[in-house]
Amino acid sequence: MKPICIFSIACLLMFGLNSCQKYLDINQNPNAAQEAPIAGLLANVTYTSAYNTYYISHDATSYYVQYLASPNPGSDVDTYQPIDPSTAWSQLYNTLTDLYDMRKLAVSRGLHAYMGVADILTAYNLSLGTDIWGDMPYSQAFQGVVNLTPHFDDQQGLYDTCLALIDRGIQYLQQPDATGELDAASDFIHHGNAQAWIKTAYALKARMLNLVSKTSAYNPSAVLGALAQAYDTSADDAQITEFAVRNPWAQVALNNAGLLLDGWLSSYFIDALDGKTYGVFDPRLPLITDTTVYGDYRGTPNGAGRQSSGTGHQECYLIEGKFYSADNGPLEMITYAECKFIEAEAAFRSGDVNRAYQAYLTGIRVNMEKMQVPDTGMQRYLSDPRVAVGTSNLTLSLIMKEKYVACFLNPVTWDDMRRMDYAYQNFQLPVNAALSTFIRRVDYPSVETTRNGENVPAVQLSDHLWWDK
């Protein structure tokens, strides 16, 4: 059985026992047993929403931003060839369907907190999808046999839909009866805390408002306004740390240790952290991987494949027990550190360089604190003149470089790279790239082209999404 299936069964058993306990309580309505299905749906959608971040990152985006590199030369995902992201697409729509069902059930029972969470997570999952595929089925989706071939909604319209869902979700969660309504044991992200969900909604809103920096719709004041109601500390982060077996990146590291090669780190990422590119060693690197048998850090060039046999630690890859690849390491959706870098960018674009600089430094510090970088290493890095450049020398490129490190393995980095037209220091096309320019979108999966081919848009991997013009 797949881990997620085992986990779902465990959740249903747990919720069933809880329901029995409520049923036997003479001070509770016997009908409270009916709460079990919606609690089970909450458990599933909070768990799988975080997992969808992993699927999209592992299947595509972490290679496109060169966090990871394939150990095999000429890999499709490494070299911008067509791939089949059916797993990521199917998992995303499975979650969206469960969210549709949870919201429908919540509406029938007047459960505002569940309605709010459903709207926020629908916006999160839909934005994950439309930011890599563009047009997607939504308004005609989730109708079962009524419509097996839904049309694709326009990507800009989906962006507007996501913002509207976030705003509506906030309104539901602000209702007086929303407090204490969520089943804490079933909420793997915020453990039933409605106020924490509101903060996450505003963090996601800020991310989305910042996404359109290349368009006339960009409004840095609106971005900063959303951030004012978002996260205050890293304790607010939207993430999961409980797993059926282990964090999926931990499974990648475990598989690699067993010579099922995966999770190899790109030369670009290693060079960005070990001092080659920016002249300063980043103390987060030892918390992500180990040195090679040569006593240094070596990445794998994207497209070229491994430069060694693959059986010895001659290149760097994800290691079991490190911050992102520990069994219970956080699977991050959006974080306080990301919010500080969004703030730094928006403030910089609005001309408030003093605010931008302080947010930039705070973003580095809170990410290092979360990763438990030793104080000496953190202070050494933060005081290095190539990092502590001063207000007058702050650049947007430096903000984005630090955000790149702090958002390791998160798909949002591919949004950033496209917004910045890949203008990151020393960033180059992969070896033997199939395109003459940087990739801009992901192929539609075979699971959809086979079933709904007439409605699937004809696109090229070099086509820009609407916000990436």
## Note on the structure
Here the qualifying pairs (Cβ atoms under 7 Å; residues six or more apart or on different chains; first in the stretch 455-466 and within 27 Å of residue 148 (Cβ to Cβ); second open to solvent by 60 Å² or more (accessible area, probe 1.4 Å) and part of a loop (DSSP other than H, G, I, E, B)) come out as 455/149; 455/151
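Answer with yes or no whether residue 156 is outside any helix (DSSP H, G or I) and open to solvent by 30 Å² or more (accessible area, probe 1.4 Å).
Values: outside any helix (DSSP H, G or I): no; open to solvent by 30 Å² or more (accessible area, probe 1.4 Å): yes.
So residue 156 fails the test.
Evaluate the stretch 323-339: report whether one residue or more is in contact with a strand residue (DSSP E or B) (Cβ under 6 Å, 6 or more places away or on another chain), assigned to a loop (DSSP other than H, G, I, E, B), surrounded by 17 or more Cβ atoms within 10 Å (Cβ to Cβ) and not hydroxyl-bearing (Ser, Thr, Tyr). Steps first, answer last, please.
Within the stretch 323-339, the first condition is being in contact with a strand residue (DSSP E or B) (Cβ under 6 Å, 6 or more places away or on another chain), and the residues that meet it are 330-334.
Imposing the further condition that a residue be assigned to a loop (DSSP other than H, G, I, E, B) reduces the set to 330.
Filter once more, so that each one left must be surrounded by 17 or more Cβ atoms within 10 Å (Cβ to Cβ): 330.
Subsequent filtering for residues that are not hydroxyl-bearing (Ser, Thr, Tyr) retains 330.
Checked the stretch 323-339: at least one residue is in contact with a strand residue (DSSP E or B) (Cβ under 6 Å, 6 or more places away or on another chain), assigned to a loop (DSSP other than H, G, I, E, B), surrounded by 17 or more Cβ atoms within 10 Å (Cβ to Cβ) and not hydroxyl-bearing (Ser, Thr, Tyr).
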### Query
For residues in the stretch 190-210 being open to solvent by 10 Å² or more (accessible area, probe 1.4 Å) and hydrophobic (A, V, I, L, M, F, W, C), which is nearest to the chain's Cα centre (by Cα)?
204
## Note on the structure
By my count, helices (runs of 4 or more DSSP H) wholly in the stretch 376-459 with at least 1 residues that are out of contact with any strand residue (DSSP E or B) (no Cβ under 7 Å at 6 or more places or on another chain) and open to solvent by 20 Å² or more (accessible area, probe 1.4 Å) are 396-406, 446-452
### Message
Criterion first (among the polar types (S, T, N, Q), crowded, with 24+ Cβ neighbours inside 10 Å and closer than 25 Å to residue 264 by Cα) does residue 79 satisfy it?
### Response
no
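Filtering the stretch 264-280 down to residues that are touching a residue at least 24 places away in the same chain (Cβ under 8 Å) and open to solvent by 30 Å² or more (accessible area, probe 1.4 Å), which residue is nearest to the chain's Cα centre (by Cα)? Quick ask: steps written out before the conclusion?
The first filter runs over the stretch 264-280 and keeps only residues touching a residue at least 24 places away in the same chain (Cβ under 8 Å), leaving 264-273, 277-280.
Right, trim to open to solvent by 30 Å² or more (accessible area, probe 1.4 Å) and you get 271, 278-279.
Details: 271: 23, 278: 26, 279: 29 Å.
The extreme case among them is 271.
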### Message
Between a residue in the stretch 99-120 that is in contact (Cβ under 8 Å) with a residue 40 or more places away in the chain and any residue that is among the hydroxyl-bearing types (Ser, Thr, Tyr), which pairs come within a Cβ distance under 6 Å, given they are 6 or more apart or on different chains?
### Response
99/122; 106/114; 112/172; 115/172; 116/172
### Query
Which one of 194, 203 is among the hydrophobic types (A, V, I, L, M, F, W, C), closer than 23 Å to residue 369 by Cα and at pLDDT 95 or above?
203
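The values are calculated or read from the model by the stated rules, or taken from the named source; none is laboratory data. It should be emphasised that the depicted structure is a prediction, and the values quoted were computed from it without experimental measurement. All Cβ positions, even for glycine, are placed from backbone atoms using ideal geometry, and neighbour counts span all protein chains on display. SASA here: full protein model, heavy atoms, side chains in, ligands and nucleic acids out. Shrake-Rupley method; radii C 1.70, N 1.55, O 1.52, S 1.80 Å.
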